[in-house]
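Read-outs: derived from the displayed coordinates by stated rules, not from any lab. As the structure is a computational prediction, the values presented were derived from the model and not from experiment. FYI the Cβ positions are ideal-geometry reconstructions off the backbone, even for glycines, and counts take in every protein chain you see.
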Amino acid sequence: MKQFRLDQDASIHVEYADRSRPKKSGRHFASEEKWAHIASEFPVSRLVAIWNGLPGVDPVRRFTSREIAASRIWKALQKLEPRQRRKARKPVSMVTPQEPETNGRNQEARITKTSRLIELLQQGGVSLRQLSQVTGWQKHSVRGFISGILRKKMGLEVISSTNENGVRVYRIQG
């Protein structure tokens, strides 16, 4: 029987229920009712993140209701097999501090908002509006992320300038 485990970073793992092994940390569920109960505790934005992390689904920006989100996620989970994890939509060219290697094993590449922003900024000349649309964040959140995470924590040199149309654009010095 398939069992699902939701971990802290909104990843859902599919496993076979095995009583001899201790359960890994996270929320475990094996029925649609149990999943609906767990999903009812989450904001819709977290359900969107869970949906967008599933392999083979078209990403969405929002759901009309929590119930629709839970139902669609449950249907998508039924197609997954144990040991299949979230797959990256594109390979990540740079390993970020949020994605370290563990025990010498390579982790599967994941597309995160951080890696998407870094990739866009490396291409150069990205406006605040474009960055806001990619992440779904408000403009002040994008600016805070650039300053706090990219510049201070990751040590990247992010250059801000104005293009010929008078629009402020950002790029990573590289």
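Normalised by the number of residues in the stretch 2-77, the average gap of Cα pairs under 8 Å and 6 or more apart makes the relative contact order 27 percent.
Highest average first, the peptides 154-160, 2-8 ordered by how many other beta carbon atoms sit within 10 Å of their residues are 2-8, 154-160. Peptides 31-38, 118-125, ordered by how many other C-beta atoms sit within 10 Å of their residues on average, highest first, read 118-125, 31-38.
Placing R0 at 35 angstrom, the Cβ-Cβ distance between residue 123 and residue 76 gives a FRET efficiency of 0.65 after rounding to 0.05. Between residue 65 and residue 130, the FRET efficiency from the beta-carbon distance, with R0 = 22 Å, is close to 0.15. Look at the alpha carbon pairs under 8 Å that are at least 6 residues apart: their mean separation over the length of the stretch 113-172 gives a relative contact order of 41 percent.
Charged side chains reduced to their Cβ positions (Lys and Arg at +1, Asp and Glu at -1) give the stretch 113-172 a dipole of some 240 debye around its Cα centre. Summarised as an ellipsoid, the stretch 113-172 has semi-axes of 16, 13, 10 Å, derived from the eigenvalues of the Cα gyration tensor scaled by 5 and square-rooted, with the largest first.
For the stretch 2-77, the C-alpha radius of gyration divided by 2.2 N^0.38 Å, with N the number of residues, is 1.07. Which net charge results for the neighbourhood of residue 127, defined as the other residues with beta-carbon distances under 13 angstrom from its beta-carbon, given Lys and Arg at +1 and Asp and Glu at -1? Local charge sum for residue 127: +4.
Simple spin-label estimate for residue 36 and residue 112 gives 3.4 nm between the two label positions (7 Å along the Cα-to-Cβ direction from each Cα). Most tightly packed first, judged by the mean number of other beta-carbon atoms within 10 Å of their residues, the peptides 67-73, 47-53 read 47-53, 67-73.
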